[in-house]
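Q: Handing you this structure, nothing more for now.
Taken together, the values in this text are just the output of simple stated rules run on the coordinates, not laboratory data. Since this is a predicted model, take the numbers as computed values, not measurements. Cβ coordinates were reconstructed from backbone atoms using ideal geometry, including for glycine residues, and neighbour counts include every protein chain displayed.
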Amino acid sequence: MEQAKLTINDVEDALINLKQVTLEVTDVCNLRCKYCGYGDLYFGYDKRQDKYLSFDKVKTLIDWLVYIWKFFKTVSYMPTTTIGFYGGEPLMNIDLIKQTVEYVENLKINRNFLFAMTTNAVLLDKYMDYIAEKKFNTLISLDGNSEGQSYRVNHSGRNSFDTVYRNVKLLQQEHPEYFAEHVNFNAVLHNRNSVESTYSFIKNEFGKTPTMSELNNSNIRSDKIEEFNRTYRNKSESLYQSENYEKLAEDIFIGEPQTENLLLFLHQYSGNTFRDYNDLFIDKNELRYRPTGTCTPFGKKIFLTVNGKIIQCERIDHNFAVGNVENGKVNLDFDYIVNRFNAYLDKLSKQCKVCYRKKSCTQCMYYIPDIDNNKPVCHGFMNKTDFENYKSYCMSHLAKKPYLYKKLMTEILVE
Ligand code: SF4
Ligand code: SF4
């Protein structure tokens, strides 16, 4: 397979079909979680300065996107774009959220809009009627029971569990239908909780299956590595240590790391997945592929930081900003975006060419340490032996649970 480069057309297409605009509405937070990605453990983000994003910046960005959606190219279907609110704690800037929602709702444009938010739920009691009325897809950060939640403390160091639990229960009681359809949970795993305790608590109390994430292991400050290692808990290990492993693995389905790997493996290598009818006529060996698992800039979302920086997502270092919103203008140079992206790909292309993982690569290049240097090394690289091991890891899982084949191939869409 030949390697392909990113083109300006790819970036334009991504913006025309933009799935999500994520707004960092403030960098202020009413909690001080010990492992926060914007806290002491990490580097690689703009200094937190108690800022609030201005509506002017949001309006400038949205107007610019509306111009693209209306005039760049016509699309024949009605696309949907989610406006996501992110922080800090987004509810600390509820005024901006309300202004933005009202503005978007009054746009005369052939596009659906949905709203989403990730919140720590501390202010949920105050704003839940509004959130439920607008049907926000709300992701609540909750690390399980009181012990699990004990790293999520307020400014005086007090565990936020009681407040959060009370607020979430209130939301569930006051708006049961909204809660059932639009509310989900994400828990961070660490040394004070486990997959089993977190899952059981959230399932029993709220009837939901939480997603669970490990602590972010990139950009850790060198003087904090020991603390990070003490706090970190590996998801697979935690799961295998569960008393009811089989039942739990079944319940969390693709949240189980081996099943998640099998999903990717089957979709890439079974030869039985087709995105549309055109796929049936394509010789996949002739296809060109773009190295790494990095998404096309704006292929998933556009992220506007509280300082007006534009980044392709909120999960990567702020130094990877590709433009900004300043003085009533969106400054995005498509040539710069494409050249910089391709320059990173070039640095990795030698490794990717001979990497056996390339057809199922999920490695985002922005997480590769020293990608800005001349010879970055990808730790996801697989030689033939690594790949054979990976293949048997997936196939042995399938041999134990053959019913997963049908379930994974028919129920889950991999983008
Ligand atoms: S982490 Fe990387 S691959 Fe994932 S959405 Fe962000 S830029 Fe894309
Ligand atoms: S795992 Fe690393 S070396 Fe392999 S294809 Fe992905 S980015 Fe390239």
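Q: Determine the gain in length on full extension of the stretch Lys98-Lys384; use 0.36 nm per residue of separation and subtract their C-alpha separation, reporting nm with one decimal. Numbers along the way, then the final one.
A: Working: separation 286, 0.36 × 286 = 102.96 nm, distance 5.35 nm.
Result for the pair: 97.6 nm of gain on full extension.
Q: A further question on this structure: Using modelled backbone amide H atoms (1.01 Å from N, in-plane), which distant-in-sequence or interchain residues come within less than 5 Å of Ile83's amide H?
A: The list, which skips near neighbours in sequence, is Val21, Leu114, Phe115, Ala116.
Q: I would also like to ask the following. For the chain, give me every cysteine whose Cβ has no other Cys Cβ within less than 4.7 Å, ordered by residue number.
A: That list is Cys29, Cys295, Cys313, Cys352, Cys355, Cys361, Cys364, Cys378, Cys394.
Q: Take the Cα atoms of the chain, find their three principal axes, and give me the spread along each one in whole Å, biggest first.
A: 57, 56, 46
Q: Same structure again: About the Cα centre of region 264-415, how large is the charge dipole given +1 on each Lys and Arg Cβ and -1 on each Asp and Glu Cβ? Please answer in debye to the nearest 20. Working shown, then result.
A: Values: 23 positive and 16 negative charges, 112 e Å.
Once rounded to the nearest 20, the dipole reads 540 debye.
Q: Mind checking the dipole of region 168-277: about its Cα centre, +1 per Lys or Arg Cβ, -1 per Asp or Glu Cβ, Debye to the nearest 20? Present the calculation step by step, with values, prior to reporting the outcome.
A: Details: 11 positive and 17 negative charges, 59 e Å.
In total the dipole reaches around 280 debye.
Q: Among Met365, Met128, Met395, which one moves the most in a GNM of the chain with springs linking Cα atoms closer than 10 Å?
A: Met395
Q: Another one. Could you calculate the FRET efficiency of Ser396 with Thr273 from 1/(1 + (r/R0)^6), where r is the beta carbon distance between them and R0 is 30 Å, rounded to 0.05?
A: Plugging the Cβ-Cβ distance into 1/(1 + (r/R0)^6) gives 0.90.
Q: Among Tyr127, Cys36, Ser156, which residue has its Cα positioned farthest towards the positive end of the charge dipole of region 11-156, with +1 placed on the Cβ of Lys and Arg, -1 on the Cβ of Asp and Glu, and the dipole taken about the Cα centre?
A: Of the candidates, Tyr127 comes out farthest on the positive side.
Q: For the residues Ile97, Ile337, Ile16, what sequence is obtained by ranking on other C-beta atoms within 10 Å, fewest first?
A: Working: Ile97 25, Ile337 20, Ile16 16.
Placing the least packed residue first, the sequence is Ile16, Ile337, Ile97.
Q: Per 10 Å bin from zero, what fraction in whole % of the C-alpha pairs of region 82-164 is there, up to the bin with the longest pair?
A: 16, 45, 26, 10, 3
Q: A further question follows. Consider a paramagnetic label point 7 Å from the Cα of Thr211 along Cα→Cβ; state which residues of region 135-168 have an amide N under 17 Å from it.
A: 136-144
Q: Express the relative contact order of the chain as a whole percentage, based on alpha carbon pairs under 8 Å and six or more residues apart in sequence. Kindly include the intermediate steps, with their values, before the conclusion.
A: Values: 637 pairs, mean separation 84.3, N = 415.
So the answer I get is 20 percent.
Q: Also, quick follow-up: Give the longest segment of the chain that steers clear of chymotrypsin sites (Phe, Trp or Tyr not before Pro) in DSSP loops with at most 13 neighbouring Cβ atoms within 10 Å, not counting the sites themselves. Don't skip to the answer; put the middle values down first.
A: Numbers: sites that count: Phe43, Tyr77, Phe274, Tyr403.
The reported range is 78-273.
Q: In the chain, if the dipole is taken from +1 on Lys/Arg beta carbons and -1 on Asp/Glu beta carbons about the Cα centre, which of Thr82, Asn167, Leu96 is farthest to the positive end?
A: The Cα lying farthest towards the positive end belongs to Thr82.
Q: Another one. Between Lys407 and Asn319, what length comes free when the chain is fully extended (0.36 nm per residue of separation minus the Cα-Cα distance, one decimal in nm)? Write down the numbers at each step before the final one.
A: On the way: separation 88, 0.36 × 88 = 31.68 nm, distance 4.03 nm.
Gain in length upon complete extension: 27.7 nm.
Q: Right, here's the next one. Taking only Cα atoms and a 10 Å spring cutoff, compute GNM fluctuations for the chain and point out the largest among Leu107, Leu139, Leu23.
A: Leu107
Q: Something else about it: For labels at Asn331 and Tyr67 in the simple 7 Å Cα→Cβ model, what's the distance in nm?
A: 1.6
Q: Calculate the FRET efficiency for Gln241 and Lys375 from the Cβ-Cβ distance with a Förster distance of 51 Å, rounded to the nearest 0.05.
A: Numbers: r = 39 Å, r/R0 = 0.76.
About 0.85, to the nearest 0.05.
Q: For Asn154 and Arg230 in one chain, what is 0.36 nm times their gap in residues minus the Cα-Cα distance, to one decimal in nm?
A: Values: separation 76, 0.36 × 76 = 27.36 nm, distance 2.15 nm.
Separation in residues times 0.36 nm, less the Cα-Cα distance, equals 25.2 nm.
Q: Dipole size in debye (nearest 20) for the chain around its Cα centre, Lys and Arg Cβ +1, Asp and Glu Cβ -1? Walk me through the intermediate numbers first.
A: Values: 53 positive and 53 negative charges, 137 e Å.
Dipole of the chain, to the nearest 20 debye: 660 debye.
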